[in-house]
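> Let me begin by handing over the structure; questions about it come next.
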Amino acid sequence: MSFRKNHRFSIVFLSAMLLAGCAADTQPYIYMSREFDRTREDFGQEPKDINEAIVCYNKFKTKPETVKNMAVVRCAKYNKQAIFQRQDLNLCPLLTPVAAYYRCYGEEDRKKEAEEKAKKERALSR
């Protein structure tokens, strides 16, 4: 009798856990490294500048356009353009396992690249 009771409890418990897992929040979000590190000088504040935007998402529940738009909006706050770099499964948690990395490319980046290109051309012309 107690085996059946324990078995029934196990089934109910596992079913409840499964339902809770399905109802968990799988909305995409911008990953911010050390966001909760209270020892940071700029804790709780928006960064002054960013070089990349990382979006954590669930590929079964999120459209690619949504991920791209999130990165575009994030980079646009800093007057930069979002350029897709890569994806991996090493950074984000289980319910939103895919990390999409976007480079935030702005005017300063263009100037740096132009300067580096000019230096290379001068070095080659010597």
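The values are calculated or read from the model by the stated rules, or taken from the named source; none is laboratory data. Everything quoted here is computed from the prediction, not taken from an experiment. Counting neighbours? That spans all protein chains shown, and the Cβs are built from the backbone with ideal geometry, glycine included.
> For the structure I just gave you, tell me whether Ile54 is surrounded by 10 or more Cβ atoms within 10 Å (Cβ to Cβ), modelled with pLDDT of 85 or more and outside any loop (DSSP other than H, G, I, E, B).
yes
> Does Pro64 meet the test of being without any contact (Cβ under 8 Å) to a residue 24 or more places away in the chain and under 15 Å from Tyr29 (Cα atoms)?
yes
> Follow-up. Go through segment 39-48 residue by residue and tally those that are surrounded by 11 or more Cβ atoms within 10 Å (Cβ to Cβ) and of a type in the set (D, E, K, R).
Looking only at that region, the number is 1.
> Which of the residues that make up segment 91-126 are among the hydrophobic types (A, V, I, L, M, F, W, C) and in a strand (DSSP E or B)?
Selection gives Val98, Ala99, Ala100, Cys104.
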